[in-house]
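A short write-up of the structure that comes next.
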Amino acid sequence: MNLAKKDFIIGFLIAVTVVSGIITLILSIVEVQNVLLPASIKYGIVFDAGSSHTSLYIYQWPADKENDTGIVSQVHTCAVKGSGISSYVDNPSQAGESLKTCLDEALTIIPCKKQMETPVLLGATAGMRLLREQNNTQANQILDEVSKSIKQYPLDFHGAYILSGNEEGSLGWVTVNYLLDSFVKYSFTEEWIHPNPDQTLGALDLGGASTQITFHPSGAIEDTDTKMFFRLYGYNYKVYTHSYLCYGQDQALKMLLANLTKENNFSSSINHPCYATGYSQTISLKDIYNSPCVSAPPSNNPAQNITVNGTGDPAECKSAIDKLFNFSACGTSKMCTFNGVYQPPVHGQFYAFSAFYYTFSFFNLTSGQSLGIVNETIWNFCTEEWTKVEVKFPQENVIRLRDYCFSGLYILTLLLDGYKFNDQTWTNIYFRKKAGNADIGWTLGYMLNLTNMILSEAPVTVKGHNSSIWAAALFFIALSIAAGLIALPLFWWLQNKSLRF
Ligand SMILES: *[C@@H]1O[C@H](CO)[C@@H](O)[C@H](O)[C@H]1NC(C)=O
């Protein structure tokens, strides 16, 4: 072998080794950076302005995974002090003021340099829907004031709106199914797959002033007012949704109380079968008749106070609750709940959250108890004397404690007689507060929708790209090791050979 050829081989092998080594190094750095450097985090804030109170939710997600399902997590919640924004009719600016403590708190959680790009939205529900019905000007004033207040913060304000009942219901459905990854799943074959729409979960939401039912029915939806369309990750969903204004637990209890005062001819002392024996409270008629959910009392009726005495009678309470529903308005139609509202038969599994959950959680009935046990537990509670109840649950808010008997029986009536769940379909209802690490409600769905974070088309797969980088890296690592293994002995051998010349 002549010297030039030998030099050429050595040079070539060293070059291959060096080049492939460098490429390997670069690829490894790229990979290591992907793994080690935290992906940029984004934040979002939603105010849930309910009828009885307002809450703030802070969400976060990795920026590079923005459009994947199930990656948004809840980092913080803040309960706004005071009652719902709809109660500030006489002092709208105070409604805005009330949000500030929670906004200040949010700024301590979201890093400074992320604040300007953090979307913040406020959604108001049935409390404001009722106020708008009573006095549109007052409702707008309150929305203006809360907007003014939020705009003072270095955040990206996306508006304050009153959600329609259909929006509220269907956004709760989006939240549940987003958190449970029901829209897309990443399969072993590295493709996005769509679970069957039948496997999406229905959503049952009970608030203070309204209640919502939303699900994917097995058949057609005949009433277009109850139909909502979504195109999510390349797949069409049509869900049935209906919101019953005034059928939230606070307004329902108010309607019941109004009925009791009427049935007793506005007598100054009345019995309340849903309150425990021994409980007594004096309330003004004005406080009962201040809502569009109850029809006005006769005008010749003097403003007066009424003493309400609990009788702890679940059978009477149940029949008083039944009177809140007009079941005969459905006639012979099977596709009907009450008050003539259309509904296809309930289908699939359901998550029941907010007050459905809180009430059942109080009764320890959230682990799939049978209807028999549920009935028995609630009826037993209703018959307990108030003094005993108070001693048994010293931590509980007194008003809530007083209302649990009503709430328990009301929920059973709504789900069974209203929505027509039965012994079998009852077992498809899961009473839940959270899915993953986020609270279930419409707020997350609202943020996802208004920030366009839910894709209407299937996401592109990024995993395939990553694995090809790995394949390339492995190939070059193998190549450089092989080149090194060949080059060294060869170099040595040639070196020795040349010495003999
Ligand atoms: C989603 O957002 C759009 C505006 O971007 C709005 O028109 C639509 O009503 C929202 N959908 C729901 C269910 O709230």
Inset, instruction - Would you be able to tell me the number of residues in segment 142-177 that are surrounded by fewer than 22 Cβ atoms within 10 Å (Cβ to Cβ) and of a type in the set (S, T, N, Q)? - result: 5
Legend entry - Flag if F356 is touching a Cys at 6+ places or on another chain (Cβ under 7 Å), touching a residue at least 60 places away in the same chain (Cβ under 8 Å) and in a helix (DSSP H, G or I): no
Legend entry - Selected residue [modelled with pLDDT under 95 and basic (K, R)] from K334, K318: K334
Legend entry - Matching option when the condition is within 30 Å of Q249 (Cα to Cα), more than 16 Å from the ligand (Cβ to nearest atom), touching a Pro at 6+ places or on another chain (Cβ under 8 Å) and in the same structural domain as H53 (by TED's automatic domain parsing), among Q134, Q115: Q134
Inset, instruction - Within segment 151-183, track down each residue that is within 13 Å of the ligand (Cβ to nearest atom) and charged (D, E, K, R). - result: E167, E168
Inset, instruction - Go through (1) in contact with a Leu (Cβ under 8 Å, 6 or more places away or on another chain); (2) free of Cβ contacts under 8 Å to residues at least 24 places away in the same chain one by one and return the number of the condition V176 breaks. - result: (2)
Legend entry - Selection status of I213, closer than 15 Å to F338 by Cα, aliphatic (A, V, I, L, M) and touching a strand residue (DSSP E or B) at 6+ places or on another chain (Cβ under 9 Å): yes
Inset, instruction - State whether one or more residues within segment 252-270 are farther than 13 Å from Y289 by Cα, free of Cβ contacts under 8 Å to residues at least 60 places away in the same chain and among the hydrophobic types (A, V, I, L, M, F, W, C). - result: yes
Legend entry - The one condition in (1) hydroxyl-bearing (S, T, Y); (2) more than 16 Å from the ligand (Cβ to nearest atom); (3) in contact with a Pro (Cβ under 9 Å, 6 or more places away or on another chain) that Y247 fails to fulfil: (3)
Inset, instruction - Tell me, yes or no, whether segment 315-337 has at least one residue that is in a loop (DSSP other than H, G, I, E, B), of a type in the set (S, T, Y) and touching a helix residue (DSSP H, G or I) at 6+ places or on another chain (Cβ under 8 Å). - result: yes
Legend entry - Hey, A139 surrounded by 18 or more Cβ atoms within 10 Å (Cβ to Cβ), over 30 Å from T427 (Cβ atoms), small (G, A, S) and modelled with pLDDT of 95 or more or not: yes
Legend entry - Filter pass, A139 being out of contact with any helix residue (DSSP H, G or I) (no Cβ under 7 Å at 6 or more places or on another chain), on the phi < 0 side of the Ramachandran plot and among the hydrophobic types (A, V, I, L, M, F, W, C): no
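The values are calculated or read from the model by the stated rules, or taken from the named source; none is laboratory data. Treat the numbers as computed from the prediction; the structure is a model and nothing was measured. Cβ: placed from backbone, ideal geometry, glycine included. Neighbour counts: every protein chain shown.
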